[in-house]
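Colleague: There's a structure below that I have some questions on.
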Amino acid sequence: MEFFTENNVVSSNFQPVGCVQAAGAAGSSPITGLPVQVWLPPTASVCIPRWSLLKVLSDILIAIYAGDLSALVLVDLSAAIDTVDQDILIRRLKTSYGLSGVVLQWFETYLIGRRQYVRTGSSASSPTLIVCGVPQGSVLGPILFLLYTADLILLIQGHGLCPHLYADDTQIYGFCRPCASLELQNTITSCVDDVGRWMRSNRLQLNTAKTEILWFTTGRRSHQLPQSSLRVGSDDVIPTAVVRDLGIYIDSDVSMRSHVTKTVSACFAVLRQLRSIRQSVPMQVRSPVASDVSCSDATGLRKCNSRRHSAVFCSSDFSR
């Protein structure tokens, strides 16, 4: 395992990169041959992030359509996958998921006994035994983390809230009538406190400073959204108007305006970069590339505008 960084001065920029076997990169369990989703709880997934987000947004839109307020909490963990207790994970695979024999031994050899070192330039440290964490760089890493934290689902549901887990991203959301927003706030606070206690007992660290909360309603009911801060652990979290969840920017009115704006801005940034090098590209290459970029850009912008108008229409339809 080696450490790489874009900035060799700031040590917090270092991220571990594991060299895993080909079996670990398979999309299904290499031992049982079963699709990984068979092992996972219904409210956890390791598929395409946007598919996972669709479930959350669908529930929120249905609640908004019914005239309710909705709250979404994005729980942040500190070095989540790197702090998994390997002994607890092996014990959980045995007792909760029924693994035994050769299958359990395979996971033990896959997890236990790994070493890592730090290399910068031509210098390298002595290898050190890894006593916690699951290997990153393979599909099995997020899967094992979800199996490790699956008990959170029942804990969150016990508070009357809805959980959704995607790898190390934990989302907690709930709904209420506008007059019951304070009660929902208290429920969320109590739930996050219990989540923090569960994580500490399982060697994980809840990062309350980076935990975010977003309230949802239609544009016409935005005045009903709570503005008071929410206590998360020892920190007070102020509700935000936009959050970035699994790579998608979500607005409090679910209009997707922020995401469309960010996407269009990124497109124009790439176009400006292409324009700056156009004089260095031979003419026989420049013409077909410019034609392809123009067509793809026009198509992309049309899609963005179409999605934006659809989202705005959907939001305004809910407000009726």
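The values are calculated or read from the model by the stated rules, or taken from the named source; none is laboratory data. If you're wondering where the values come from, they're calculated on a predicted model, not measured in any experiment. Glycine gets a Cβ as well: all are built from the backbone with ideal geometry, and neighbour counts include every protein chain shown. What goes into the accessible areas is simple: the full protein's heavy atoms, side chains included, and nothing from ligands, DNA or RNA. Shrake-Rupley method; radii C 1.70, N 1.55, O 1.52, S 1.80 Å.
Colleague: Scan the range 168-195 residue by residue and report those that are in a helix (DSSP H, G or I) and under 18 Å from the mean Cα position of the chain (by Cα).
Modeller: Scanning the range 168-195 gives 192, 195.
Colleague: For residue 137, work out the one condition from (1) closer than 28 Å to residue 227 by Cα; (2) assigned to a loop (DSSP other than H, G, I, E, B); (3) under 17 Å from the mean Cα position of the chain (by Cα); (4) not β-branched (Val, Ile, Thr) it doesn't fulfil.
Modeller: (1)
Colleague: Same structure again: Out of the range 33-67, which residues are at pLDDT 65 or above, open to solvent by less than 70 Å² (accessible area, probe 1.4 Å), under 19 Å from the mean Cα position of the chain (by Cα) and under 20 Å from residue 247 (Cβ atoms)?
Modeller: Passing the criteria: 43, 44, 45, 52, 53, 56, 57, 58, 59, 60.
Colleague: I need a count of the residues in the range 199-219 that are of a type outside the set (A, V, I, L, M), in contact with a strand residue (DSSP E or B) (Cβ under 9 Å, 6 or more places away or on another chain) and within 26 Å of residue 180 (Cβ to Cβ).
Modeller: 6
Colleague: Here's a follow-up. For the structure I just gave you, tell me whether residue 256 is within 27 Å of residue 80 (Cα to Cα), of a type outside the set (Phe, Trp, Tyr) and in contact with a strand residue (DSSP E or B) (Cβ under 9 Å, 6 or more places away or on another chain).
Modeller: Details: within 27 Å of residue 80 (Cα to Cα): no; of a type outside the set (Phe, Trp, Tyr): yes; in contact with a strand residue (DSSP E or B) (Cβ under 9 Å, 6 or more places away or on another chain): yes.
Against the criterion (within 27 Å of residue 80 (Cα to Cα), of a type outside the set (Phe, Trp, Tyr) and in contact with a strand residue (DSSP E or B) (Cβ under 9 Å, 6 or more places away or on another chain)), residue 256 does not qualify.
Colleague: Something else now. Please go through the range 196-217 and give me each residue that is surrounded by 15 or more Cβ atoms within 10 Å (Cβ to Cβ) and part of a helix (DSSP H, G or I), ordered by number.
Modeller: Of everything in the range 196-217, those that are surrounded by 15 or more Cβ atoms within 10 Å (Cβ to Cβ) and part of a helix (DSSP H, G or I) turn out to be 196, 198, 199, 208.
Colleague: Of all residues in the range 68-78, which are part of a loop (DSSP other than H, G, I, E, B) and either at pLDDT 90 or above or surrounded by 15 or more Cβ atoms within 10 Å (Cβ to Cβ) (or both)?
Modeller: 68, 76
Colleague: Restricted to the range 220-255, and to residues that are farther than 24 Å from residue 179 by Cβ and free of Cβ contacts under 8 Å to residues at least 24 places away in the same chain, which residue is least open to solvent (accessible area, probe 1.4 Å)?
Modeller: Here the answer is 249.
Colleague: Oh, and also: Does the range 90-106 hold any residues that are surrounded by fewer than 21 Cβ atoms within 10 Å (Cβ to Cβ) and touching a residue at least 24 places away in the same chain (Cβ under 8 Å), and which are they?
Modeller: Correct list: 92, 96, 97, 102, 103, 106.
Colleague: What number of residues in the range 121-141 are over 14 Å from residue 84 (Cα atoms), out of contact with any strand residue (DSSP E or B) (no Cβ under 8 Å at 6 or more places or on another chain) and surrounded by fewer than 16 Cβ atoms within 10 Å (Cβ to Cβ)?
Modeller: Number satisfying all stated conditions: 5.
Colleague: Of the residues that make up the range 100-111, is at least one assigned to a loop (DSSP other than H, G, I, E, B), modelled with pLDDT of 85 or more and not basic (Lys, Arg)?
Modeller: Initially, the range 100-111 is screened for residues assigned to a loop (DSSP other than H, G, I, E, B), giving 100.
Within this subset, residues satisfying the condition of being modelled with pLDDT of 85 or more are 100.
Keeping just the survivors that are not basic (Lys, Arg) gives 100.
Checked the range 100-111: at least one residue is assigned to a loop (DSSP other than H, G, I, E, B), modelled with pLDDT of 85 or more and not basic (Lys, Arg).
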